[in-house]
Amino acid sequence: MKKFIITTLLLAATFTTRAQESSSVAQTSDVEIANSGTISAQKVGVKKKAPRIDREVDKRKFVFKGETMLGLTASYGTIDTEDTNLGLLLDDLNIGGNIVSIKPFIGYFYRDNNCVGVRFGYSHTKGDLNNAALNLGEQSGISFGISDIHYRDDTYAVGLFHRTYVPLDRKGRFSVFAEWELSGSIGNSEFNFAAGEAKDRNISKAYKANLSFSPGLAVYIFPNVCASISLGLGGLKYNHIRQVDGLGNFAGSRNFSKLQFRLNLADINIGVNIHLWGKKRAKESLEN
């Protein structure tokens with residue numbers, strides 16, 4: 001009886017061990033199959049991204065870090081009788097004027113293609129209306145004449161600007177740029193006119209603050225000399241105007257502000273820049 005019990009226990013232990021081994025082998029096989037399935041799924045599901053095209057725009061250099069730029073922009077415009085469309089309403093029209101603007105500046109390139117600088121400005125505006133007669137026809141009965149109207153304005157300005165160049169070619173000869181400028185100005189204007197035999201004069205002093213944006217195009221005409229043209233697209237403006245009469249008595253004041261972005265054909269500037277200490281640029285030209 002004892003031998004039978006011992007034999008039965010040995011057989012049960014043997015079958016239990018074999019069952020555990022079979023179970024562990026099956027689990028291992030299931031894990032391997034599952035892992036192989038996951039890997040296959042990953043291979044099928046994952047798509048390789050197309051390589052990004054590097055146009056190397058950031059590597060192109062129009063101006064090198066450490067260079068100093070001296071420049072001057074200027075504009076000039078005139079108006080005369082032939083430029084007006086009032087010939088059908090005004091007889092004996094005699095009008096003339098001009099606007100002159102000169103803006104020297106200096107800039108430092110704190111990194112490639114980016115500079116900060118200071119700009120000074122002076123503008124002079126002159127307008128004269130020597131004679132004009134308004135005639136709306138005999139049926140209207142409205143007609144009168146004006147004469148001796150003169151306007152003068154002189155404005156001085158200073159501003160801080162930041163300019164960023166984006167080269168258009170690999171050799172860095174052509175570039176577009178974007179410029180932001182924060183400026184302040186003081187101007188004196190005088191308006192004289194005659195009403196019959198009496199003459200009157202008004203004097204105004206204007207204080208202005210501007211935040212303006214100007215894109216432009218630049219090209220090297222010599223190794224270290226660059227020509228540029230920029231267009232004013234407006235910005236944020238604040239004006240305070242104080243007016244007195246010819247005797248110096250206070251006549252009134254006005255404050256106004258404007259936020260406007262649009263092309264201003266009267267704000268077209270043509271300039272020439274001289275880049276000092278351009279040894280790095282010359283070295284790169286030799287290497288290329």
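Every number in this text was worked out from the coordinates using simple rules, so none of it is lab data. The shown structure was predicted, so the numbers you read here are calculated from the model rather than taken from an experiment. A quick note on method: Cβ atoms are made from the backbone with ideal geometry, for glycine too, and the neighbour counts reach across all protein chains shown.
Within 13 Å, Cβ to Cβ, of H124, how many net charges do the neighbouring residues add up to if Lys/Arg are +1 and Asp/Glu are -1?
0
Note on N114/A194: beta-carbon distance plugged into 1/(1 + (r/R0)^6) with R0 of 51 Å gives a FRET efficiency of 0.40. The HN-Hα couplings worked out from phi for the stretch 98-115 by the Karplus form 6.51 cos²θ - 1.76 cosθ + 1.60 (θ = phi - 60°) are 7, 10, 10, 9, 10, 9, x, 8, 9, x, 10, 8, 6, 7, 4, 6, 10, 9 Hz, whole numbers, x standing for Gly and Pro.
Just to confirm a number: summing +1 for Lys and Arg and -1 for Asp and Glu over residues other than G184 whose beta-carbon lies under 15 angstrom from that of G184, what do you get? Result for the neighbourhood of G184: +4. Extension gain, L263 to L247: 0.36 nm times the residue separation minus the Cα-Cα distance gives 1.8 nm.
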